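Below is one structure, written out as structure tokens; the observations come after it.
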Amino acid sequence: MTAPLPDIVASGKFLAKLAEPSWRDRLLPEFCKPYMKKLSEFLHAEKSAGNIIYPPESEIFAALEACHFDQVRVVILGQDPYHGPGQAHGLCFSVRSGIPLPPSLKNIFKELQSDGSPPPATSGDLTGWARQGVLLLNTVLTVAAGKPESHRGQGWEQFTDKILETLNRERDGIVFVLWGSHAQSKSGLIDGKRHEILTAPHPSPLSAYRGFFGCRHFSKINACLKISGFPPIIW
């Protein structure tokens, strides 16, 4: 039986949401560390002050819930969640069906189509990717409404670094996709001899024309998976 999360987290009423066993068993020790207690207290204070936090509590760990540890074949690393109403739902770059596509996601779909995939659906919900083994992980898992990067430096980075370190250590042949300088700063956590690392500028309109467009990462991901003996992702 999986052990319950520590009381210091449960008392925060915000972080005791990770129920998926393959991740929970590996990450449980992190919830006992001082940085996680500090993070829990910070989020609880934010909520008590009436600040709106995205994504909803039940979706903070949605990336891990949708893509179990042993299923991960690809990691796409984002920065922090969307900060607009109804956008963030726990998967980096993704928005629920019916929500207008953010600019970065529009550019991701443009590159996907130019890389040989069929025209993308109008929905920006990338849950289908996650269920095929694409871990859509932000390095910071929460944000205050209307305030990008507002939860940066509060402890989430240490937690998500642990996720990357664990995948690097326990798995082989994963394709790590690092778009932009922030994601690329995590490359030191990945053994390039055991895993594939793909880098490009961020898909933001400010940088997409500097090399994100034309990077052909989606076809390259599937080529790498084929070499590792994995089936391709149906984008």
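A few points about this structure:
Rundown of residues vs (1) under 23 Å from Leu27 (Cβ atoms); (2) without any contact (Cβ under 8 Å) to a residue 12 or more places away in the chain; (3) part of a loop (DSSP other than H, G, I, E, B); (4) open to solvent by less than 50 Å² (accessible area, probe 1.4 Å), yes/no style:
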residue: Ile99; (1), (2), (3), (4): no, no, yes, yes
residue: Lys110; (1), (2), (3), (4): no, no, no, no
residue: Ser117; (1), (2), (3), (4): no, no, yes, yes
residue: Leu137; (1), (2), (3), (4): yes, no, no, yes
residue: Arg169; (1), (2), (3), (4): yes, yes, no, no
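- Cβ pairs under 9 Å, 6+ apart, first in the range 146-161 and touching a residue at least 24 places away in the same chain (Cβ under 8 Å), second open to solvent by less than 60 Å² (accessible area, probe 1.4 Å) and part of a strand (DSSP E or B): Glu149/Val143; Ser150/Val143; Ser150/Ala144; His151/Ile53; His151/Val143; His151/Ala144; Arg152/Val143; Trp156/Asn138
- Residue under evaluation Lys220, criteria (1) open to solvent by 50 Å² or more (accessible area, probe 1.4 Å); (2) under 18 Å from the mean Cα position of the chain (by Cα), criterion not met: (2)
- Reported count of residues in the range 174-189, each being touching a residue at least 60 places away in the same chain (Cβ under 8 Å), open to solvent by 10 Å² or more (accessible area, probe 1.4 Å) and either acidic (Asp, Glu) or assigned to a loop (DSSP other than H, G, I, E, B) (or both), is 1.
- Residues located in the range 18-36, provided they are surrounded by 17 or more Cβ atoms within 10 Å (Cβ to Cβ) and free of Cβ contacts under 8 Å to residues at least 40 places away in the same chain: Arg24, Phe31
- One residue from Ile221, Ile197 being β-branched (Val, Ile, Thr), over 19 Å from Lys106 (Cα atoms), in contact with a strand residue (DSSP E or B) (Cβ under 8 Å, 6 or more places away or on another chain) and not in a helix (DSSP H, G or I): Ile197
The values are calculated or read from the model by the stated rules, or taken from the named source; none is laboratory data. The model shown is predicted, which means the values in this text are computed figures rather than measured ones. Counting neighbours? That spans all protein chains shown, and the Cβs are built from the backbone with ideal geometry, glycine included. For accessibility, only protein heavy atoms count, side chains too; no ligands or nucleic acids. Shrake-Rupley method; radii C 1.70, N 1.55, O 1.52, S 1.80 Å.
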